[in-house]
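Colleague: Below are the structure tokens for one structure; questions will follow.
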Amino acid sequence: MAAPISTTYTQEERDAIITHVVEQVATGRAIVTVLRDDEGMCSERAFFKWVFNDEDVEQRLARARELGVEARLAQVDAIVDGDDVVSTDGLSGDALARALWRNNPKMQRLRYDARIKLAQMLKPKKYGPKLDLTTDGNALNKPPVDDAERAAALLRSVEQRLDPKTQDLLS
């Protein structure tokens, strides 16, 4: 775990940290993971303060997040195609256990599903499930625009559902 380099940062240090985080987020890494695991990073609090106080940084980070979704989806191909299968030759102990765990088909499916669901959450318009607003392939009827037409349509709908014995009451 990397410790913050100091509590006060020069503009050059701040820019270097922001650039590093933005680049890493664009490759699909989470901001908190980068800040926690990479050498020379600031605290989450300091980083998010910079983001909220600088619109340019906020926009760069938003764009990096979009690219990060694409990068994570690219990992789906590797999972499905088996490109990220780890060789177990010469491994033992924990390293062997991790490789076997990663190569397990159920784990690969979980990793695949997690990346797809993440993309759907982060970019629902592009990757979310599509809602079909048709009936048997035909477009739904548009509701009447005029209030009088809307009221008449509602009354017709009610009349159709009434018992024939009680329809005389509406006449």
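Colleague: Take the residues in the range 72-99 that are under 21 Å from Leu118 (Cα atoms) and surrounded by 15 or more Cβ atoms within 10 Å (Cβ to Cβ), then tell me which one is modelled with the lowest pLDDT.
Modeller: Ile79
Listed here are the residues, each with its yes/no results for (1) without any contact (Cβ under 8 Å) to a residue 12 or more places away in the chain; (2) surrounded by 13 or more Cβ atoms within 10 Å (Cβ to Cβ).
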position: Thr27; (1), (2): no, yes
position: Val32; (1), (2): no, no
position: Arg36; (1), (2): no, yes
position: Met41; (1), (2): no, yes
position: Ala46; (1), (2): no, yes
position: Lys49; (1), (2): yes, no
position: Phe52; (1), (2): yes, no
position: Glu55; (1), (2): yes, no
position: Leu61; (1), (2): no, yes
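Colleague: Output the number of the condition that His20 fails; it satisfies all remaining conditions of (1) modelled with pLDDT of 95 or more; (2) surrounded by fewer than 16 Cβ atoms within 10 Å (Cβ to Cβ).
Modeller: Answer for His20: the failing condition is (2).
Colleague: Quick check on the range 2-17. Is at least one of its residues under 30 Å from Asp113 (Cα atoms) and not in a helix (DSSP H, G or I)?
Modeller: no
Colleague: Of all residues in the range 112-124 being surrounded by fewer than 16 Cβ atoms within 10 Å (Cβ to Cβ) and of a type in the set (Lys, Arg), which is nearest to Gly68 (Cα to Cα)?
Modeller: By that ranking, first place goes to Lys123.
The values are calculated or read from the model by the stated rules, or taken from the named source; none is laboratory data. Not measured: the values here are computed from a predicted model. Note: ideal-geometry Cβ built from the backbone for every residue, glycine included; neighbour counts use all protein chains shown.
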